[in-house]
Amino acid sequence: MTDPVTAGGGTINTVLGPVSAQDLGVVAVHEALLSVVPGAEHGFDVTMDRAEIFESLRRQLADFREQGGRTIVDSTGMFHGRDLTLYEALSRSTGVHIVASTGMGPEEMLGGYFLTPQTNPPTPWPAEKFADLFTQEVVEGMVVPRVERRAAAGLVATAASPEGMTATEESLFRGAARAALRTGVPVSVRYGKDAVHDLEVVLDEQLPADRVVVGGLDRRDAVADGAVLEIAGRGAFVALDHVGLEDAVHVTDRERAGLVLELVAAGHADRVVLSSNAIGVAKGHAPGDPGAALSFGQVLSTFVPFLRSHGVSDEDLQRILVESPRALLTMSQR
């Protein structure tokens, strides 16, 4: 008898174990369930009531499921509040697949442990040490601090500084690419100053472009310099992942819709993924963080109808919402 997990085109690592790629359904590829600024959990004015956090996230995931969503990718990496036991309980309760991630960045969020203090000035960890760390979280399971390893990571997520990639961040990007090559999971990069340059660092490690998603490509600078079409043309996935956010840094939803139409017309519907970078529960964030005001269902409730009204076909929406993220997240053969 055929194993239902391995039948039909590969598997995805979720917090409850591997699932068939065919079972992912509609995917939100860049979200944050619980986002905690490192150290904020120890703040005198920050409450970490797990029952309250669970109930808030349960309601939000149930709404996402009601809107038609099936899978959430928590792309926050290792040290921003990732709580695997909480995510397991949420997935069981709501029926939403949760893909958690390893990885880290940008540098300002790392702490001194990941610099080599014996040198002056301190030098970054080498890429190989980052690669080993991330690989372990895919192969052996993600770390629950001071306790154990649990489910395998389904993604390696990293980010560069808006001012431009630092030496430490280059090590992070190269380490993420090497871990992806060794394990078969994809890499999510949030570019810093130059999206094409940051993608090239990852591709320089011989990682195929179709194993990479570049986030933040609905930023105005990426649109202005033509990075969106160039990155899609290279075969990487383009994440327009701030749906619902309209500010000085990002384009409007109307402009996002125009980008989707442009990418579809250029034959890149199979390289587009959508998300909102919503934060389900934020701890230690600055007041008014826009991610906390967005919802996991934002794409489905408002943006998809808007795309339909502007001529995006159901066939292309199926590619963007289901087939593209499925192709990205499916474990590749090593």
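Values in this text are rule-based calculations from the coordinates and carry no lab data. Note that the coordinates shown come from a computational prediction; the quantities given were computed from them, not determined experimentally. No Cβ is skipped: glycine too gets one built from the backbone with ideal geometry, and neighbour counts run over all protein chains shown.
Across the range 50-62, coupling constants 3J(HN,Hα) worked out from phi with the 6.51/-1.76/1.60 Karplus curve, θ = phi - 60°, read 5, 5, 5, 4, 4, 5, 4, 5, 4, 4, 5, 5, 5 Hz, and Gly and Pro carry x. Sequence-ordered 3J(HN,Hα) estimates for the range 210-222 from the Karplus curve with 6.51, -1.76 and 1.60 and θ = phi - 60° stand at 6, 9, 10, 10, 9, x, x, 7, 9, 6, 4, 5, 5 Hz, glycine and proline given as x.
Projected onto planes of every orientation and averaged, the convex hull of the alpha-carbon atoms in the range 82-180 covers 7.2 nm². Computed across the range 11-329, the Kirkwood radius stands at 19.5 Å (inverse of mean 1/r, all Cα pairs). Rounded to the nearest 500, the helix-only mean residue ellipticity at 222 nm of the chain stands at -9500 deg cm²/dmol, with each DSSP H run of n ≥ 4 adding -39,500 (n - 2.57). The Cα atoms of the range 182-334 give a gyration tensor whose axes a ≥ b ≥ c have a/c under 1.5, which makes the shape rounded. Round to the nearest 0.05 the FRET efficiency obtained for Ala248 and Glu148 when R0 = 41 Å and r is the Cβ-Cβ distance. After rounding, the FRET efficiency stands at 0.40. Spacing of the modelled spin labels on Ser332 and Glu200, each 7 Å from Cα toward Cβ, amounts to 2.0 nm.
Taking the Cα-to-Cβ direction at Thr123 and at Asp289 and moving 7 Å from each Cα, how far apart do the two end points lie in nm? Once both label points are built, they end up 3.5 nm from each other. Note down the nm distance, to one decimal, between modelled labels 7 Å out along Cα→Cβ at Ser313 and at Glu108. Computed distance between label sites Ser313 and Glu108 equals 4.5 nm. Computed 3J(HN,Hα) for the range 248-257, one whole-Hz value per residue from the Karplus formula 6.51 cos²θ - 1.76 cosθ + 1.60 where θ = phi - 60°, is 5, 8, 10, 6, 7, 4, 4, 5, 4, 4, glycine and proline marked x.
Taking Cα centre as origin and charging only the Cβ of basic (Lys, Arg, +1) and acidic (Asp, Glu, -1) residues, the dipole magnitude of the chain rounds to 700 debye.
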